[in-house]
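Asker: There's a structure below that I have some questions on.
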Amino acid sequence: MTTQKTINLILFLCFLFLSLNTSTTQNLENQEIKKTNALESDHSNSKNTTNTLEYEQKTEQILWKAKKAKDTLLIIDSLLKLSNRHRYRGDYDLSFDNLWDALLLTKQKKHDVELQEIHRGLGILYNIYHKDSLSLHHLNKALTISKNLLKEKKIKKSILISSYFTISMFWRDKKNYSKALIYLDSCASINNHQKELPYVITDVGYCNLKLGNLPKADSLLHKGKKLLEEIKSPYLVANLSFLGDLKKEQSNYKEALNFYKQANIIQQNQKVHLELKPELLKKIADIYIIQKKYVDAISYLKESQKSFENLFSTTNKNNHRLFEIKNKYLAELTENKKIIDTQYSIIEKKNKKLLLIFILLGGLFLSSVVVYIIIYQRNKIKKISLINSLDKEKNKAVLKVKSKELTTHALKMIEKEETIQSLLNTIKKTNLSEYNKLQNKHAKGSDRYWEEFNKRFTEVNIHFHETLCKKHPDLSPTELKHCALIKLNFNSHEMAKILNISLQSVHTSRYRIRKKMGLDSNNGLQTYIGSI
């Protein structure tokens, strides 16, 4: 009889504990709703703030308070705002990091409204780094979530329009203008053609320009310019660049140059859409080439290269942080593994305690406690596993981005080398003394480009040179350069342009490398170096 009373008392206490826990959870949820409403009020006020630095500091303060209060929705919203600001300013590593942190929290809490915005942001960043498959994966995911949320009436039409517009920009960047127009038409259809959308109007005009419909492009681009100027939108940079392309197509080079320079001024003053700056400067250089102002053309080409390096090179402090993300998350993976091991140890200890409880309280009570503890521990392990999975995915994504960046940089070196050499040959015919000066400067610049490329290669392929030197210690420094380019699958013509040597010299070097490596005709040099 006494045993039965004891069992009843323990069951009553468990019931009371679960009731109190449920009540506490409900109170916390109510607090989150109140804080979220307060955040929306702050956000609406921030839209009218002209001081960007002040807005960022305010958002960071909100993020700090949200983390202290463990307010998940407020943390996610603040991370998304900071990510957008960092992306506009060209700090892609910080924007990337904010989105991954937000994604981790969103997947744990299942906040679909924020999830679609995160996937859209990741799609935009991957598109900047030309990671097409990853970009399209995230953009389509954002679109699918937006459609479902609109059906459930959880979001406004404008969010779905943004998802369609971002995908149209992806296809526009890939020069598939017909497909881009399909998504732009979807934007207008969702809006029922009732409200003028300056971003959509601008991109429809640009696509028509590229498809050869110049009168329609002219009308739409000027209309988009007027609307964007009225709302003081940063997208005016893209609109002015497109108008410059239109005037260039119409052979009105004076107006084209004017539009390009207007876009460049807005970029410099407002620090927006900096990812467009290298290409915009190159467009200005192209106009100067047409006008035969070769000195100005070279100046803008160099500025374009400098801008590209500031955004994407390893010497840029922002992109240096992107390289450090890998080490950071490897350390976190190690720490998470320790946590998992600790959790397994806790489970083992608690199972032993449960055995004693079983002896004291009986089979029914023991079974209930065992089920509760197992479910609790499994949920913890699942959360930790999710963190590990996202961390690994992030590391792979960073490495893929840097490998793509390395190849892009090398191709840019080739393109710049061809353009500058062509200009130098033109100047040589008209002004030999000026040609000699520029030729010497160009030779020094080529050495600096190679040092930058070699630094990039070493950071992405850490153990390549070490392994190669161990296997073949008699390779010269020049031959090691050739091996690095062969590793990246560059052909002989591309290698000659990068190294600024003749094609015959490349063939001779490849023959010597094969000989030192002891490779016969049946063993391909490309295959052998690629396996190292």
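The values are calculated or read from the model by the stated rules, or taken from the named source; none is laboratory data. Just so it is clear, the structure is predicted and the values come from calculations on it, not from any experiment. Note that each Cβ is placed from the backbone with ideal geometry, even for glycine, and that neighbours are counted across all protein chains shown.
Asker: Tell me which residues, restricted to the range 484-516, are among the charged types (D, E, K, R) and over 38 Å from the mean Cα position of the chain (by Cα). Quick ask: steps written out before the conclusion?
Answerer: Taking the range 484-516 and keeping what is among the charged types (D, E, K, R), we get 487, 494, 497, 510, 512, 514-516.
Passing the criteria: Arg512, Arg514, Lys515, Lys516.
Asker: Something else: Would the range 286-299 turn up any residue that is more than 29 Å from Ser433 (Cβ to Cβ) and not assigned by TED's automatic domain parsing to the domain that holds Lys412?
Answerer: no
Asker: Another question, then. Going residue by residue through the range 36-49, is there one that turns out to be outside any helix (DSSP H, G or I) and at pLDDT 50 or above?
Answerer: Among the residues of the range 36-49, not one is outside any helix (DSSP H, G or I) and at pLDDT 50 or above, which makes the answer no.
Asker: Could you tell me which numbered condition Gly224 fails, if it satisfies all but one of (1) under 25 Å from Asn84 (Cα atoms); (2) over 25 Å from the mean Cα position of the chain (by Cα); (3) surrounded by fewer than 20 Cβ atoms within 10 Å (Cβ to Cβ)?
Answerer: With (1) under 25 Å from Asn84 (Cα atoms); (2) over 25 Å from the mean Cα position of the chain (by Cα); (3) surrounded by fewer than 20 Cβ atoms within 10 Å (Cβ to Cβ) applied to Gly224, the lone miss is (3).
Asker: Now for a different question. Do you know which of the residues in the range 123-158 that are outside any helix (DSSP H, G or I) and either touching a Gly at 6+ places or on another chain (Cβ under 9 Å) or on the phi < 0 side of the Ramachandran plot (or both) is modelled with the lowest pLDDT? Give the steps one after another, and end with the answer.
Answerer: The first filter runs over the range 123-158 and keeps only residues outside any helix (DSSP H, G or I), leaving 129-131, 152-156.
If we keep only those that are either touching a Gly at 6+ places or on another chain (Cβ under 9 Å) or on the phi < 0 side of the Ramachandran plot (or both) too, we end up with 129, 131, 152, 154-156.
Details: Tyr129: 78, Lys131: 84, Glu152: 89, Lys154: 87, Ile155: 88, Lys156: 88.
Residue satisfying both the conditions and the ranking: Tyr129.
Condition check ((1) modelled with pLDDT under 50; (2) closer than 16 Å to Leu125 by Cβ; (3) surrounded by 11 or more Cβ atoms within 10 Å (Cβ to Cβ)) across all residues:
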{"position": "Leu16", "(1), (2), (3)": "yes, no, no"}
{"position": "Ser19", "(1), (2), (3)": "yes, no, no"}
{"position": "Lys65", "(1), (2), (3)": "no, no, yes"}
{"position": "Leu73", "(1), (2), (3)": "no, no, yes"}
{"position": "Phe96", "(1), (2), (3)": "no, yes, yes"}
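Asker: Taking the residues in the range 353-391 that are among the hydroxyl-bearing types (Ser, Thr, Tyr) and farther than 30 Å from Asp101 by Cβ as candidates, determine which candidate is modelled with the lowest pLDDT.
Answerer: Out of the qualifying residues, it is Ser367.
Asker: Let me ask something else about it. For the range 495-517, how many residues meet the condition of being under 21 Å from Ser531 (Cβ atoms) and either of a type in the set (Ser, Thr, Tyr) or modelled with pLDDT under 85 (or both)?
Answerer: 3
Asker: So Ser304 ticks every box in (1) surrounded by fewer than 21 Cβ atoms within 10 Å (Cβ to Cβ); (2) in contact (Cβ under 8 Å) with a residue 24 or more places away in the chain; (3) within 30 Å of Phe453 (Cα to Cα) but one. Which box is left unticked?
Answerer: (1)
Asker: Does the range 458-473 contain any residue that is touching a Lys or Arg at 6+ places or on another chain (Cβ under 9 Å), at pLDDT below 75 and not in a helix (DSSP H, G or I)?
Answerer: Yes, the range 458-473 contains a residue that is touching a Lys or Arg at 6+ places or on another chain (Cβ under 9 Å), at pLDDT below 75 and not in a helix (DSSP H, G or I).
Asker: Being surrounded by fewer than 20 Cβ atoms within 10 Å (Cβ to Cβ) and either closer than 26 Å to Glu405 by Cβ or not hydroxyl-bearing (Ser, Thr, Tyr) (or both): is that true of Leu139 here?
Answerer: no
Asker: So if I check each of Arg87, Arg120, which one is basic (Lys, Arg), at pLDDT below 90, surrounded by 18 or more Cβ atoms within 10 Å (Cβ to Cβ) and part of a helix (DSSP H, G or I)? Explain how you work it out, then say what you get.
Answerer: Working: Arg120 fails: at pLDDT below 90.
After ruling out the rest, the residue left standing is Arg87.
Asker: A follow-up question, please. Suppose the filter is under 28 Å from the mean Cα position of the chain (by Cα) and at pLDDT below 90; does Gln268 pass it?
Answerer: The answer is yes for Gln268.
Asker: Taking Leu104, is it more than 22 Å from Ser389 (Cα to Cα) and among the aliphatic types (A, V, I, L, M)? Give the derivation first.
Answerer: Numbers: more than 22 Å from Ser389 (Cα to Cα): no; among the aliphatic types (A, V, I, L, M): yes.
It is false that Leu104 is more than 22 Å from Ser389 (Cα to Cα) and among the aliphatic types (A, V, I, L, M).
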